[in-house]
Each structure stands twice: as structure tokens, then as C-alpha cells.
Amino acid sequence: MSHGFDAATAAPEARGAAEPRLPGLLGAFDRTMRLLNQVILAVGGLCLVAACLVLTHSVVVRYLLKEPTEWQDEMAVFLIIGATFLSAAGVQAKRGHVAIEALTGLLPPAANRVRLLLADIVSLAFCLFFAWKSWSRDHEAW
């Protein structure tokens, strides 16, 4: 099993060759998406820090000040779920998700490319379905 992300390979001096530059509009789109992913990953990290602070506040208020807490648990859950979904695109772009490499080692490179493409299509389908259902639920709640 591979976790896709290794601190040793993430260090700047351990990185491989630079990724190929894409021409024209496709290159601009790629750079924009990379920047957007970096911003969203940073926001996801801030959401996790905020969830830690909210839960710490809840513990202090509940046990030291003997006050009931009402909103902290829900807020922490929303922040953690938000961080999870916000970081999904950036993790998928880096192929940093947990993957089992049994098929990767057995398949020829062409079949592996098809497998990766199918994984991307399934991920896109899930995200589209999730966005559609979220929008319909949001509209219904509004």
C-alpha cells in the first residue's frame, strides 16, 4: 500500500524534473488550477486549526466555567467535513490519496493510464453528483 505522499520526496531538493509546460490556454488553465488548489488546501488547513480551537474552547467552557456548550460540536464537525472536501481536489491532483499498488505493478503502462483515467472519471462523477445534491438540498432549505 502506498500513501502517495512521502516527506522525503516532498522536500524541494528531492523533487524530480519539472513538469512539462503546457502551451497557451491549457497552460494558463493548469497554472490557475494549481494556484487555486494551493489556496483551497491552505483554507482546508485553516479549517482544521479552527476546529481544534473550537473544540478546545468547548472543553474549557464546559469543564472550567461549568457553562453548557451548544454550537461547538456542530461547528467543529462542519469545519472538519469542509476541510475534507476542500482538500479532495488538491489531494487528487497530487495523486496523494491512499492507493493500493497491486494493480499498478501488474498492469502495463498503457493499461495503468486507462485505470487512472477511469479513476478520475469516477471521481468527477462523484463530485458532480455531490454538487448537484448539495445544491438541491441548499435550494430546498432556502
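The values are calculated or read from the model by the stated rules, or taken from the named source; none is laboratory data. Everything numeric here is computed off the predicted structure, so don't read it as measured data. Cβ placement follows ideal geometry from the backbone for every residue including glycine, while neighbour counts extend to all protein chains displayed.
Brief remarks on what is shown
- Inter-residue pairs, beta-carbon under 8 Å, first farther than 18 Å from GLY45 by Cα and in the stretch 55-79, second loosely packed, with under 10 Cβ neighbours inside 10 Å, 6+ apart: ARG62/PRO68
- Within the stretch 63-87, the set of residues being among the β-branched types (Val, Ile, Thr) and within 28 Å of ALA131 (Cβ to Cβ) comprises VAL77, ILE80, ILE81, THR84.
- Here the condition is being assigned by TED's automatic domain parsing to the domain that holds SER134 and either over 23 Å from SER134 (Cα atoms) or acidic (Asp, Glu) (or both); of VAL114, VAL49, VAL122, VAL60, it holds for VAL114 alone.
- Per the listing ALA110, ALA102, ALA88, the residue uniquely of a type in the set (A, V, I, L, M) and touching a residue at least 24 places away in the same chain (Cβ under 8 Å) is ALA88.
- When ALA50, ALA89, ALA76, ALA131 are checked against the criterion of being within 25 Å of ASP30 (Cβ to Cβ) and surrounded by 13 or more Cβ atoms within 10 Å (Cβ to Cβ), a single residue qualifies: ALA89.
- Any hit, the stretch 28-45, residues being outside any loop (DSSP other than H, G, I, E, B) and touching a Phe, Trp or Tyr at 6+ places or on another chain (Cβ under 9 Å): yes
- Residue list for the stretch 65-96, filter: in a helix (DSSP H, G or I) and either of a type in the set (S, T, N, Q) or outside the structural domain of ARG34 (by TED's automatic domain parsing) (or both): GLN72, THR84, SER87, GLN92
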